[in-house]
Amino acid sequence: MSLPTAASEALQAFAACPSWDQRARLQMQWGERLEPLSAEQCCSEHLVAGCASQVWLLGQQHEGHWYFQASSDARLLRGLLALLLARVNGLSSEELAAADLLDWFSQLGLGRQLSPSRSNGLNAVLQRMRAVSLGERA
Amino acid sequence: MSLTSPWRADFPGILALAAEGQTYLDSAATAQKPQAMLNALLGYYASGAANVHRAQHVPGERATRAFEATREKAARWLNAADAQQIVFTRSATEALNLLAYGLEQRFIAGDEIVISALEHHANLLPWQQLAQRRQLKLVVLPLDAHGLIDLSQAAQLIGPRTRLLAVSQLSNVLGCWQPLEPLLALAQAQGALTVVDGSQGVVHGRTDVQALSCDFYICSSHKLYGPDGVGLLYGRPQALEQLAHWQFGGEMLLHTDYANARFRPAPLGFEAGTPPIASVIALGASLDYLGSLDAAAVSAHEAALHAELLSGLRQRQVLRLLGTPSVALASFVVEGVHHADLAHLLSEQGLAVRAGHHCAMPLLQGLGLSGAVRVSLGLYNDGADLQRFFNALDQALELLL
């Protein structure tokens, strides 16, 4: 399965950044790409529970493809969310279910940000994304 | 001249972390352990484990003797009159839950429990839940601008319905000693029980529970350079007598048939089940180790480190300190910077500091903050640790501002 264009672009960009500060800068730049959520979208219904920072996630299916929107009040987490959306947006339900998202962040060199002791909430976001794609109300 | 710690080499954990490129400044969460404690832990298991207070055999007798020796050491450490006033629990949190359940029957609807705005969840939730179970009123003492419990407001709020006061000795977020003496006097004047959460305080200066004259004092082993899995509950004899038994099983009883039982008094009556034997024995080794140090030198070192920490933080004008820390730790925020972002970039650079609400969510909410970054010190930290922290902080702020 080939990666979405944005995901390939992210992989190349992160591979070209060996130092922690370059990667942090890049991660924050990716965060700027997130489409801003409206005030109505930043409501408790879309708030992902279990995050130290506030995270909102919305998803909808269009002609069989998933499109998610997300935001957070923390900048580095916004970057992670943008990188997540780059990987999953446009996938079918089957492709989304099959996508190894832990591996995706590891490929970017950001795997540590999903470690269980991290309270940044990315794990909670992945769980919510799964629930949304399975049609469950989280 | 850079501050050095003459005790650093006694702590293999801090050396191992340093070798890995990690600067550990989170001792208020849990402390690294001295080699003497590791030896005791291994020594107990390696020389033959046995349960305590049960068997007549030699290994059992040896384990019981070592286990009870720690009770003596803990009593001496806190200046309790008698070792039988020390109950071992599995954590400080468990000790506070023991009190909330053990005293439950003493409260009637409308009674008041008084805590302060800066309490750790461990000294909030057991009382909050007790208040809900028994229709009690939970009164929260406000803080002044320095982060101290406001005494004039406390004098108004502690009244004839106050049955219990439970406050921290040293805040795990604000790092300031609380005015316990006048607070306890206010509660005692109303005939209320007094509970002091010494989880942070016990680490940064010797506490004399008799001089403090509280009914109960609580602390945990793992912050005091001991193993985890052990909490200490000190009680005045008259206070311990008021506790109802709360966990049942094992050797905490005097006699039982199928229908009824009679229980032991404190301490053993409150130590149901097999206790954390190795950890209790190893805590004794940590106390021996700490007792062997020059207490004045340790205090002077911690004070110098703390002064250097505060001075460095104050030099960086974008930072805002929480309260007026006087010892052990400092928490801060940066306007326009999310604490999670700052924590992430510090951790990328090998700094182990804590960010978040520090198990004191209502305190942070009261300050209008979603979280803060906390730097906390142990006696093994040195000036070089702080220098690495400040370098990393400057780098992180350069990226974020």
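The values are calculated or read from the model by the stated rules, or taken from the named source; none is laboratory data. Note that the structure is a prediction, hence the values are computed from the model and not measured. Quick reminder, even Gly has a Cβ in these numbers, built from the backbone with ideal geometry, and neighbours come from all protein chains shown.
Here are the numbers for this structure:
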quantity: Exclusive hit being more than 14 Å from chain A (Cβ to nearest Cβ), among the charged types (D, E, K, R) and within 30 Å of B:TYR44 (Cα to Cα), set B:ASP382, B:ASP294; calculated: B:ASP294
quantity: Identity of the residue in the stretch A:62-75, closer than 18 Å to A:ALA39 by Cβ and within 13 Å of chain B (Cβ to nearest Cβ), that ends up surrounded by the most Cβ atoms within 10 Å (Cβ to Cβ); calculated: A:SER72
quantity: Tabulated pairs, the stretch B:208-226, first without any contact (Cβ under 8 Å) to a residue 40 or more places away in the chain, second β-branched (Val, Ile, Thr), C-beta under 6 angstrom, 6+ apart or interchain; calculated: B:CYS214/B:THR194; B:CYS214/B:VAL196; B:ASP215/B:THR194
quantity: Criterion violated by A:GLY109 - all others in (1) part of a helix (DSSP H, G or I); (2) within 14 Å of chain B (Cβ to nearest Cβ); (3) in contact (Cβ under 8 Å) with a residue 24 or more places away in the chain; (4) over 22 Å from B:GLY336 (Cβ atoms) satisfied; calculated: (1)
quantity: Members of the stretch A:73-98 that are within 30 Å of B:ALA355 (Cβ to Cβ) and free of Cβ contacts under 8 Å to residues at least 24 places away in the same chain; calculated: A:ASP73
quantity: Filtered residues of the stretch B:8-37 (kept if under 22 Å from the mean Cα position of the chain (by Cα), surrounded by fewer than 21 Cβ atoms within 10 Å (Cβ to Cβ) and in a loop (DSSP other than H, G, I, E, B)); calculated: B:ALA29, B:THR30
quantity: Complete set of residues in the stretch B:326-344 that are more than 9 Å from chain A (Cβ to nearest Cβ), out of contact with any Lys or Arg (no Cβ under 8 Å at 6 or more places or on another chain) and either free of Cβ contacts under 8 Å to residues at least 60 places away in the same chain or crowded, with 24+ Cβ neighbours inside 10 Å (or both); calculated: B:ALA328, B:LEU342
quantity: Cross-chain or 6+ apart pairs with Cβ under 8 Å, the stretch A:13-37 first and in contact (Cβ under 8 Å) with a residue 12 or more places away in the chain, then of a type in the set (S, T, N, Q) and surrounded by 18 or more Cβ atoms within 10 Å (Cβ to Cβ); calculated: A:LEU34/A:GLN69; A:LEU34/A:SER71; A:GLU35/A:GLN69; A:PRO36/A:SER71; A:LEU37/A:GLN69; A:LEU37/A:SER71
quantity: Residues that are in contact with a Phe, Trp or Tyr (Cβ under 6 Å, 6 or more places away or on another chain), in a helix (DSSP H, G or I) and more than 14 Å from chain B (Cβ to nearest Cβ), drawn from the stretch A:79-95; calculated: A:ALA82, A:LEU83, A:LEU85, A:ARG87
quantity: Residue match in the stretch A:34-46 (condition: loosely packed, with under 14 Cβ neighbours inside 10 Å and closer than 21 Å to A:LEU11 by Cα); calculated: yes
quantity: Output for the stretch B:91-111, where each listed residue is surrounded by fewer than 19 Cβ atoms within 10 Å (Cβ to Cβ), assigned to a loop (DSSP other than H, G, I, E, B) and in contact (Cβ under 8 Å) with a residue 40 or more places away in the chain; calculated: B:GLY110, B:ASP111
quantity: Set B:VAL140, B:VAL173: member being among the aliphatic types (A, V, I, L, M), in the same structural domain as B:GLY235 (by TED's automatic domain parsing) and crowded, with 24+ Cβ neighbours inside 10 Å; calculated: B:VAL173
quantity: Of residues in the stretch B:246-289 being within 20 Å of the chain's Cα centre (by Cα) and of a type in the set (Ser, Thr, Tyr), the one farthest from B:GLU104 (Cα to Cα); calculated: B:TYR289
quantity: Number of positions in the stretch B:345-372 that are free of Cβ contacts under 8 Å to residues at least 24 places away in the same chain, assigned to a loop (DSSP other than H, G, I, E, B) and either β-branched (Val, Ile, Thr) or within 11 Å of another protein chain (Cβ to nearest Cβ) (or both); calculated: 1
quantity: Filter result (in contact with a Lys or Arg (Cβ under 9 Å, 6 or more places away or on another chain) and hydroxyl-bearing (Ser, Thr, Tyr)) within the stretch B:217-232; calculated: B:TYR225
quantity: Count of the stretch B:358-401 residues which are touching a Gly at 6+ places or on another chain (Cβ under 7 Å) and buried (at least 20 other Cβ atoms within 10 Å of the Cβ); calculated: 3
quantity: Condition check for B:ALA81: in contact with a helix residue (DSSP H, G or I) (Cβ under 7 Å, 6 or more places away or on another chain) and either part of a loop (DSSP other than H, G, I, E, B) or on the phi > 0 side of the Ramachandran plot (or both); calculated: yes
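Listed here are the residues, each with its yes/no results for (1) at pLDDT below 95; (2) in a strand (DSSP E or B); (3) closer than 21 Å to A:LEU126 by Cβ; (4) more than 14 Å from chain B (Cβ to nearest Cβ).
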site	(1), (2), (3), (4)
A:CYS17	yes, no, no, no
A:ARG23	yes, no, yes, no
A:GLN29	no, no, no, no
A:ALA39	yes, no, no, yes
A:SER44	yes, no, yes, yes
A:GLY50	yes, no, yes, no
A:LEU57	yes, yes, yes, yes
A:GLN60	yes, yes, yes, yes
A:LEU77	yes, no, yes, no
